[in-house]
Amino acid sequence: MNEQTFKKVREVRVHLEAVQTVAGGKSDSESDLDDGSTSELSGHWTDGWSTNSGDGDDLNGLEEPLTKEGDSGHSDSEYDGRDGGGSYMHAAAEDPANSENVMGKQFSCPDPVIASVLLSAEFNGIGDAYASYVAYAKGISFAVRKGDSIKDEEGNIVRKFFLCNRQGLREKKHYERVDRKRTHKPETRTNCNAKLVVFLDKSCRKWRTKTLVEEHNHELVPQEFTNVMAPHRKILEGDKAHIHSMHEAGFKTTQIMGFFAHMCGGYRNLNFISKDLYNYMDGVRQSRIVEGDTAAAISYLKGKAEYWVDMITSFGLEDND
C-alpha cells in the first residue's frame, strides 16, 4: 500500500472516531485499542488494507475470499448461488424429495439442469418433464423433440419419450422419388440415441425418469448458437409488449428486429430469430381480423338470418316456396 492511500485511510478513520466521540459513544477503534494494540491500523479493520491481514484477507472489502478445493464454504459449482435455477436444482439433486417442487420451472429459467436431477426427480406432468429436459439440453447444447407415447388399457399415457432432434434417419422414399423437383434439404438426422424416457408412477401419480441416455453420436452445437435452436427460442412477455409499442408507432417488423439486436449487442444474443418475430406479428394481425370487420359482418348476417326466421314464422310463410 502506497503512502497516499495509507494517509487517506487514516483520515477517514480519524473522522469516524470524531463523529462517534461527539455522539457520546465509544468508537470502534477505541474498543479495539483496549486490548493493548497500537494506534496503527489493526487487524480488525475490514477494508482489506489491514497491516495484520493475511493472504485470505487481502481483498478490497467488496469481494469474498476464494476457497480452496475441498474447503467448506462457497462451492465453485456453476449451479450454486442462483435463485430458482442452478442452486435450487443442486439442492434437489442432494434431496430427491425436493425435486417435485423444482422441476417444471426450468423452461423459464436460464440455468441448466444437471443429469443427476433428471434421474432422481419427480414431475407433476409430461409438460414439466419436457420443460426440464429442454433446460438440460440447453446446457449441453442440443435440441429436443417429442417422441412416441405408450398408453394403458384405458387409453391413458403411462410412458413418454423425449428425443434428441437428430434421432432417427430420413425415410428412403424421399430419396427414391423420381418426380422430385426441389433439392433435398441438408441431412440432419444421425440416428442419435440420446433420450429421456419418463413413466407414470401410479402409486403417487407422479412422473419419474425411467431412462436417460446422455451420449450423442454427433458433434454438439457450440454454446453461442444454442439460443437459435427451435426449443430454446422464445419471445418473452416483456419483449412482446415492446414489440406492440413499436408496431403501433409505425416501425416495420425488420426495424423492430434490428432494434432488439442493437439492444442485445448483436443478433447472436437474441432469444428469437426474425422468423419468430414475423410469425408472431402475423398471429397478432390474424387475431385482429377475427375481432374486426370480418367478425362484425358475420355477426350482422347471423342477426339477419334470425330476423327472417322470426318474420316467416309470424306471417305463417313456412310452407311458401
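Can you confirm whether region 248-264 contains a residue that is aliphatic (A, V, I, L, M) and either part of a strand (DSSP E or B) or within 20 Å of the chain's Cα centre (by Cα) (or both)? Yes: region 248-264 contains one or more residues that are aliphatic (A, V, I, L, M) and either part of a strand (DSSP E or B) or within 20 Å of the chain's Cα centre (by Cα) (or both). Scanning region 210-224 for residues that are among the acidic types (D, E), modelled with pLDDT of 90 or more and within 23 Å of the chain's Cα centre (by Cα) turns up just one, E214. Please determine whether any residue of region 284-300 is in a helix (DSSP H, G or I), modelled with pLDDT of 85 or more and on the phi < 0 side of the Ramachandran plot. Within region 284-300, one or more residues are in a helix (DSSP H, G or I), modelled with pLDDT of 85 or more and on the phi < 0 side of the Ramachandran plot. Could you list, in sequence order, all residues of region 188-209 that are over 14 Å from L163 (Cβ atoms) and either under 28 Å from the mean Cα position of the chain (by Cα) or surrounded by 10 or more Cβ atoms within 10 Å (Cβ to Cβ) (or both)? Selection gives F199, L200, D201, K202, C204, R205, K206, W207, R208, T209.
For S274, state whether it is in contact with a Ser or Thr (Cβ under 9 Å, 6 or more places away or on another chain), outside the structural domain of A121 (by TED's automatic domain parsing), among the small types (G, A, S) and at pLDDT 85 or above. Yes; evaluated as a whole, the condition is true for this residue. For region 112-170, residues that are in a strand (DSSP E or B) and in contact (Cβ under 8 Å) with a residue 24 or more places away in the chain total 13.
The values are calculated or read from the model by the stated rules, or taken from the named source; none is laboratory data. These figures come from a predicted structure and were not determined experimentally. FYI the Cβ positions are ideal-geometry reconstructions off the backbone, even for glycines, and counts take in every protein chain you see.
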